[in-house]
Amino acid sequence: MPASEAGVPLLAHYAASKFAVVGFTQSLAKEVAEHGIRVNAVCPGFVRTSMQEREIVWEAELRGMTAEAVRAEYVALTPLGRIEEPEDVAEVAVFLASDLSRFLTGESINVTGGVLTD
């Protein structure tokens, strides 16, 4: 489950900012709907990025584990069985920008590979 939907130990500040994005998305969607403007959020999970690599090392140090063990936990938490790639998130953004999503607004789309932990 993305940090926009559940508290995250050691990352309260991060989770708070993500909760805020969801509320902002819902509010703004209602404000601009009369103009035909859609507002949606994309909520990714464990995306393979340089930021994630730094976070894995940080978490490993905090928990007295190796980075490889933390990464393996992330994969184990993901029902689709892998860390997501930036392209997984980008493809959802492309969908939201297209007419295929013309009746979606105020939504927060989880792109997590099925991660449902709290």
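The values are calculated or read from the model by the stated rules, or taken from the named source; none is laboratory data. Not measured: the values here are computed from a predicted model. Because the Cβ atoms are built from the backbone with ideal geometry, glycine has one as well, and the counts that use them run over all protein chains shown.
For this structure, a couple of remarks:
- Residue in the stretch 51-60 that is of a type in the set (A, V, I, L, M) and in the same structural domain as ALA15 (by TED's automatic domain parsing) present: no
- Take the conditions (1) outside any helix (DSSP H, G or I); (2) more than 17 Å from THR112 (Cα to Cα); (3) touching a residue at least 40 places away in the same chain (Cβ under 8 Å); PRO9 misses just one of them, which is (3).
- Residue in the stretch 71-84 that is touching a residue at least 40 places away in the same chain (Cβ under 8 Å) and either buried (at least 18 other Cβ atoms within 10 Å of the Cβ) or not aromatic (Phe, Trp, Tyr) (or both) present: yes
- Qualifying residues in the stretch 100-116 (those that are hydrophobic (A, V, I, L, M, F, W, C), modelled with pLDDT of 95 or more and assigned to a loop (DSSP other than H, G, I, E, B)) - the one farthest from the chain's Cα centre (by Cα): PHE103
- Taking residues in the stretch 21-40 that are on the phi < 0 side of the Ramachandran plot, and partners anywhere that are assigned to a helix (DSSP H, G or I), the pairs with Cβ atoms closer than 6 Å and at least 6 places apart or on different chains are VAL39/THR25; VAL39/LEU28; VAL39/ALA29; ASN40/LEU96.
For (1) crowded, with 16+ Cβ neighbours inside 10 Å; (2) in contact (Cβ under 8 Å) with a residue 12 or more places away in the chain; (3) farther than 21 Å from GLY7 by Cα, each residue gets a yes or a no:
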| position | (1), (2), (3) |
| --- | --- |
| ARG54 | no, no, no |
| ALA60 | yes, no, no |
| GLY64 | no, no, yes |
| GLU87 | no, no, yes |
| GLU91 | no, no, yes |
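- Only one entry in ALA76, ALA33, ALA29 is more than 14 Å from the chain's Cα centre (by Cα) and either closer than 18 Å to VAL115 by Cα or part of a loop (DSSP other than H, G, I, E, B) (or both), namely ALA76.
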